[in-house]
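Student: Can you read through this structure? Questions will come right after.
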Amino acid sequence: MRSLDEAIRKGYLNLEWISPEIFSKAKELQFRFIDKPMISFTDLTSMVVMKEFGIKSILTDDEHFIHVGMGFQKVP
């Protein structure tokens, strides 16, 4: 936690609180992707935040970000 706090303080990392609006949009995605039950709610929430901030690239081994067809690209 100290390392995270330090990174936030120095501006290397942004901490985004999940608002009721973002939570609601993640729930909508969960219904939209009902045929993909293996996508976690955390991933869906991340997708909403990424869309809100215009983030297209993600460092992950998780293929769900590609399968949803929302324009995300995995970084090798």
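The values are calculated or read from the model by the stated rules, or taken from the named source; none is laboratory data. Just so it is clear, the structure is predicted and the values come from calculations on it, not from any experiment. Positions of Cβ are generated from backbone atoms using ideal geometry, with glycine treated the same way; all protein chains shown enter the neighbour counts.
Student: Give 45, 60 a once-over and let me know the one that is among the polar types (S, T, N, Q) and at pLDDT 95 or above. Let's see the steps before the verdict.
Tutor: Working: 60 fails: at pLDDT 95 or above.
From the options 45, 60, the qualifying one is 45.
Student: Consider residue 4 against the criteria (1) part of a loop (DSSP other than H, G, I, E, B); (2) at pLDDT below 95: it satisfies all of them except one. Which criterion is unmet?
Tutor: Here residue 4 clears every test but (1).
Student: Is there a residue being surrounded by 11 or more Cβ atoms within 10 Å (Cβ to Cβ), of a type in the set (Gly, Ala, Ser), in contact with a Ser or Thr (Cβ under 6 Å, 6 or more places away or on another chain) and at negative phi anywhere in the range 38-46?
Tutor: No, because not a single residue in the range 38-46 is surrounded by 11 or more Cβ atoms within 10 Å (Cβ to Cβ), of a type in the set (Gly, Ala, Ser), in contact with a Ser or Thr (Cβ under 6 Å, 6 or more places away or on another chain) and at negative phi.
Student: Please count how many residues of the range 11-58 are closer than 22 Å to residue 75 by Cβ, in a helix (DSSP H, G or I) and over 14 Å from the mean Cα position of the chain (by Cα).
Tutor: 0
Student: From the list 23, 53, 33, which residue is closer than 16 Å to residue 64 by Cα and of a type in the set (Phe, Trp, Tyr)?
Tutor: It is 33.
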